[in-house]
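Heads up, the thing below is written out as structure tokens.
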Amino acid sequence: MGGTCAPPVGPPSNGFERVLDSYTNLTAPFLRGCYVFLTVAAVWFASRALGSPVGLLVEGAFFLVFGTYCLANFARCREAHCIVTGAGWSALAIVTVAAVLAGHDIRGGAWTAFVVIALAGHGFEAIWKARYGSNALRPRRV
């Protein structure tokens, strides 16, 4: 699987889980580890070069790809930060499309929101891990 899970996830048990795993395998090389910084830089520079509104649509597509990756990873692994970043970046993608339709250029603010969502997600995960000893957001088994 493309994401990293703690604790590790089992093999997919149905077609939907196979689709989720395929998506994370496809996108993880660009969205995890050190390469994410190159991906973000490439999208940022492309957005600036294309101007508004096309550059904002490129950002929105990136936010949607990343948000979808996190939601797929959360569905399989339950990494605590992924529920925050997945929902946040997916919502940010919707906001960017709304801004384009309204004729507003929010590229600077969108990147600020992207970073804030990342910090909020990883901050939530750090608190969760400190409290429960795992970064996996899983119900307790009695």
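Compute the acute angle (0 to 90°) between the alpha-carbon long axis of helix 80-102 and the principal axis of greatest extent of the alpha-carbon atoms of the chain; round to the nearest 10°.
20
What's the extension gain from residue 138 to residue 105 if we count 0.36 nm per residue and subtract their Cα-Cα distance?
8.0 nm
Once fully extended, how much extra length lies between residue 25 and residue 119, figured as 0.36 nm per residue of separation less the alpha-carbon to alpha-carbon distance?
Details: separation 94, 0.36 × 94 = 33.84 nm, distance 2.38 nm.
The span from residue 25 to residue 119 would gain 31.5 nm if fully extended.
Could you state the orientation-averaged shadow area of the convex hull built on the Cα atoms of the range 52-100, in nm² to one decimal?
Values: hull surface 11.0 nm².
Across all orientations, the range 52-100 yields a mean hull projection of 2.7 nm².
Rule-of-thumb check for the chain: C-alpha Rg over 2.2 N^0.38 Å?
On the way: Rg = 16.0 Å, N = 142, 2.2 N^0.38 = 14.5 Å.
Here the answer is 1.11, to two decimals.
Give a residue-ordered list of calculated ³J(HN,Hα) values for the range 26-43 (Karplus: 6.51 cos²θ - 1.76 cosθ + 1.60, θ = phi - 60°; whole Hz; x for Gly, Pro).
Using θ = phi - 60°, the values come out as 5, 9, 4, x, 9, 10, 10, x, 5, 5, 4, 5, 5, 4, 4, 4, 4, 5 Hz.
Hey, with R₀ at 22 Å, roughly what FRET efficiency would residue 42 and residue 18 work out to, going by the Cβ-Cβ distance, to 0.05? Walk me through the intermediate numbers first.
Working: r = 29 Å, r/R0 = 1.32.
Here the calculated transfer efficiency is 0.15.
Could you calculate the contour length gain from residue 95 to residue 50, that is, 0.36 nm times the residue separation minus the distance between their Cα atoms, to one decimal place in nm?
Additional length available on full extension: 14.3 nm.
Using amide H atoms built 1.01 Å from N in the peptide plane, name the residues 5+ places from residue 79, or on other chains, whose amide H lies under 5 Å from its own.
137
Along its principal axes, what span do the Cα atoms of the range 1-82 show, with the longest given first and each in whole Å?
Here the Cα extents, ordered largest to smallest, are 44, 25, 20 Å.
Throughout, read-outs are computed from the coordinates displayed, never taken from laboratory work. Everything numeric here is computed off the predicted structure, so don't read it as measured data. Cβ atoms come from the backbone with ideal geometry, glycine included; neighbour counts cover every protein chain shown.
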